[in-house]
Amino acid sequence: MTKDEMIEALNGDLADEFARAIQYINHAALITGARFGSIQKELLVHATEEMQHATTLADQVAFLGGKPNTAVDAIATSDDSEEMLRQDLAGEQAAVARYKIRIRDAMAMGEYGLARVLQDILVMEEEHVKDLENALGL
Ligand SMILES: [Fe+2]
Ligand SMILES: [Fe+2]
């Protein structure tokens, strides 16, 4: 993988982090039902963490000599609270899969600092998966 390909891949991750943050704010505002009370607050914590990830990715793109994009990926929403949590879970599972590939590629390129930063993000995405699975009773 070339540096330009890594920049493009990280910009894709960045667009996804923006979308996840917006989606969480949307879902936290719309979610209803007593059994979703605690996850509603947790969604806002996730939103803040996704924006931290976006900040980190933008820094890494710039560090590699690229331009951080401002594109935002597709945002999923629903009238059904449980369906919104399933949408959030799908997004987190996709993020985990993506970052595992990204870490492998960064290591292969000898970009160990980048790999380390991505590992920190991966750990948080795995926690997000767990939070949503718990809320859904999975
Ligand atoms: Fe994230
Ligand atoms: Fe996440």
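Results, tabulated for the structure shown:
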read-out	value
Tilt relative to the chain, helix 112-136 - C-alpha long axis, 0 to 90 degrees, to 10	10 degrees
Lysines whose Cα lies under 29 Å from that of Lys67, excluding same-chain neighbours fewer than 8 positions away	Lys3, Lys100
Percent carbon-and-sulfur accessible area, region 3-136, ignoring ligands, DNA and RNA, probe 1.4 Å	54 percent
Cβ-derived FRET efficiency at R0 22 Å, Thr55 paired with Ala76, nearest 0.05	0.45
Region 57-96 residues near the modelled Lys3 label - backbone nitrogen below 19 Å, point 7 Å along Cα→Cβ	57-69
On Cα atoms only, tilt of 37-63 relative to the major axis of the chain in degrees	10 degrees
Residue with peak Gaussian network fluctuation, the chain [Cα springs, cutoff 10 Å], from Arg35, Arg102, Arg20	Arg35
Theoretical gain in end-to-end length, Val123 to Glu83 [0.36 nm per residue, Cα-Cα removed]	12.0 nm
List Asp105, Asp4, ordered by accessible area with a 1.4 Å probe, largest first	Asp4, Asp105
Global size of region 59-100 as Cα Rg and Dmax, reported in angstrom	14.4, 43
Geometric extent, Cα atoms of the chain - Rg, Dmax (angstrom)	15.3, 50
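The values are calculated or read from the model by the stated rules, or taken from the named source; none is laboratory data. What you see is a predicted model; the values in this text were computed from it and never measured. Counting neighbours? That spans all protein chains shown, and the Cβs are built from the backbone with ideal geometry, glycine included. Note: accessible area is taken over every heavy atom of the protein model, side chains too, but ligands, DNA and RNA are not part of it. Shrake-Rupley method; radii C 1.70, N 1.55, O 1.52, S 1.80 Å.
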